[in-house]
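The values are calculated or read from the model by the stated rules, or taken from the named source; none is laboratory data. Keep in mind it's a predicted model, so treat the numbers as computed, not measured. All Cβ positions, glycine included, derive from the backbone under ideal geometry; neighbour counts span all protein chains shown.
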Amino acid sequence: MMKSRSRRPVRPAARPLPVNRQIRAREVRVIGEEGEQLGTLPIAKALQTAQERGLDLVMVAPNSVPPVCRIVDYGKFKYEQLKKEKQGRKSQKGLLREVRLRPKIEEHDLQDKIRKTRELLEDGNKVKISVRFRGREIVYPDLGWQVLKRVAEALKDSAVATSQPSKDARNIALTLAPLPTKKTQEAKENAQDEDSQGS
């Protein structure tokens, strides 16, 4: 009989906002669809106002006193929120990403990982390259060091190592940071030229 593998716990999605009859507060501060303040209303009156306009009442600030609700088209509102979150994730720069390798990685796979690492670096992220040893592979640490050296050599035109490679029980790792962009370098050179001319 095979054992079932334990699955990683799924990260819960953001808790949905209470809508219409899900709102439990007695009174709420209401904002209209154009952003105008409609004042503090009993929940029944707020729901009626939203219903008359053919829209939904959505609680946007449940922790304020009284809670703040907006009159909106809930489907459109949800779509806009997801769009903002996605845009926010795209604009995050400077994150530490990880690329995992094996000591006996095939050449094609290695080139693919190098290409992926280059893309991450071009997006402005730091990248931790880690080589993981399994079982008896740990007896051959030289293979792991060679893989790291090849990756660092292939990316020397677009990245710089932020520290010496580190080794723990079953991993060796190297963190790479993107090189400053050409514009930044040109600005530094121009500043140095102006300083030398001024003195």
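Pairs only if they're at least six apart or on different chains, beta carbon under 9 angstrom, first in the range 61-74 and in a strand (DSSP E or B), second of a type in the set (S, T, N, Q); list them, first residue then second.
Taking only residues 6 or more apart or on different chains, the pairs are Ile71/Thr49.
If I filter the range 32-53 for residues that are in a strand (DSSP E or B) and closer than 13 Å to Pro18 by Cβ, do I get at least one hit? Before the answer, list the steps.
Kept after step one, since they are in a strand (DSSP E or B), are these residues of the range 32-53: 37-42.
After this cut, where a residue has to be closer than 13 Å to Pro18 by Cβ as well, the list is none.
No, because not a single residue in the range 32-53 is in a strand (DSSP E or B) and closer than 13 Å to Pro18 by Cβ.
Considering only the range 121-133, I want to know if a residue exists there that is in a loop (DSSP other than H, G, I, E, B) and closer than 18 Å to Ser166 by Cβ.
yes
Name the residue that is farthest from the chain's Cα centre (by Cα), counting only residues in the range 1-44 that are modelled with pLDDT under 65 and either within 13 Å of Ile71 (Cα to Cα) or of a type in the set (S, T, N, Q) (or both). Please lay out each step first, then the result.
Taking the range 1-44 first, the residues modelled with pLDDT under 65 are 1-15.
Next cut, either within 13 Å of Ile71 (Cα to Cα) or of a type in the set (S, T, N, Q) (or both) only: 4, 6.
Working: Ser4: 31, Ser6: 26 Å.
So, considering only residues that are modelled with pLDDT under 65 and either within 13 Å of Ile71 (Cα to Cα) or of a type in the set (S, T, N, Q) (or both), the one farthest from the chain's Cα centre (by Cα) is Ser4.
Within the bounds of the range 103-114, is there any residue that is polar (S, T, N, Q), surrounded by 14 or more Cβ atoms within 10 Å (Cβ to Cβ) and not in a strand (DSSP E or B)? I'd like the intermediate steps shown before the answer.
Quick first cut of the range 103-114, residues polar (S, T, N, Q) only: 111.
Next cut, surrounded by 14 or more Cβ atoms within 10 Å (Cβ to Cβ) only: none.
No.
For Asp112, all conditions in the list (1) at pLDDT 85 or above; (2) in contact with a helix residue (DSSP H, G or I) (Cβ under 8 Å, 6 or more places away or on another chain) hold save one; what is the number of the exception?
So the condition that Asp112 fails would be (2).
Inspect the range 60-83 for any residue being in contact with a Pro (Cβ under 6 Å, 6 or more places away or on another chain), surrounded by 16 or more Cβ atoms within 10 Å (Cβ to Cβ) and either hydrophobic (A, V, I, L, M, F, W, C) or more than 30 Å from Lys126 (Cβ to Cβ) (or both) and give the result as yes or no.
No - not one qualifying residue is present in the range 60-83.
Would you be able to say whether some residue in the range 157-168 is assigned to a helix (DSSP H, G or I), free of Cβ contacts under 8 Å to residues at least 60 places away in the same chain, among the small types (Gly, Ala, Ser) and loosely packed, with under 13 Cβ neighbours inside 10 Å?
So in the range 157-168, the residues assigned to a helix (DSSP H, G or I) come out as none.
Looking for residues that are assigned to a helix (DSSP H, G or I), free of Cβ contacts under 8 Å to residues at least 60 places away in the same chain, among the small types (Gly, Ala, Ser) and loosely packed, with under 13 Cβ neighbours inside 10 Å, one finds none in the range 157-168, hence no.
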